[in-house]
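The values are calculated or read from the model by the stated rules, or taken from the named source; none is laboratory data. No experiment lies behind these values; they were computed from the predicted model shown. Positions of Cβ are backbone-derived with ideal geometry, glycine not excepted, and every protein chain shown enters the neighbour counts. The protein model used for the area step is the full one, side chains on, heavy atoms only, and it has no ligands, DNA or RNA in it. Shrake-Rupley method; radii C 1.70, N 1.55, O 1.52, S 1.80 Å.
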Amino acid sequence: MSVDKEVTITATSTDSWEAAALAAVDRTEATVHSLQWAVVEDQWLDLKQGGSPVYKTKVNIGFRVEE
């Protein structure tokens, strides 16, 4: 029997929503092993006054719990 866990990660990028999603996966993969899936839950722009927009992406990431 296997057990999986899911976490929600929010990441940002000044380039794109895709880059933000990949940053969430890359950062999670640095500390959690056996990643199984990633699902984009939400995306939005942070519009700073006078600055460039920041792409924000909320990603649900699932991984296998080690025995």
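Annotations
- Local net charge near residue 57, Cβ-Cβ under 14 Å (Lys/Arg +1, Asp/Glu -1): -3
- Counted charge near residue 37, where neighbours are those whose Cβ lies closer than 9 Å (Asp, Glu -1; Lys, Arg +1): -2
- Classification of the chain by its C-alpha gyration tensor yields a prolate form. The axis ratio a/c (a ≥ b ≥ c) is 1.5 or more, and a/b outweighs b/c.
- The stretch between residue 26 and residue 66 holds 12.5 nm of extra length on full extension. This uses 0.36 nm per residue minus the Cα-Cα distance.
- Peptides 4-17, 36-49 ranked from most to least packed, by the mean per-residue count of other Cβ atoms within 10 Å: 4-17, 36-49.
- Residues residue 56 and residue 3, FRET efficiency given R0 of 22 Å [Cβ-Cβ distance, rounded to 0.05]: 0.15
- Rounded accessible area per residue of the chain, 1.4 Å, Å²: 71 Å²
- Protein accessible area in the chain, 1.4 Å probe - carbon and sulfur %: 49 percent
- Probe 1.4 Å - accessible area at residue 64, Å² to nearest ten: 80 Å²
- A simple rule links phi to the HN-Hα coupling: the Karplus curve 6.51 cos²θ - 1.76 cosθ + 1.60 with θ = phi - 60°, which for region 5-16 gives 10, 10, 10, 10, 10, 10, 10, 10, 7, 8, 9, 6 Hz, with x for Gly and Pro.
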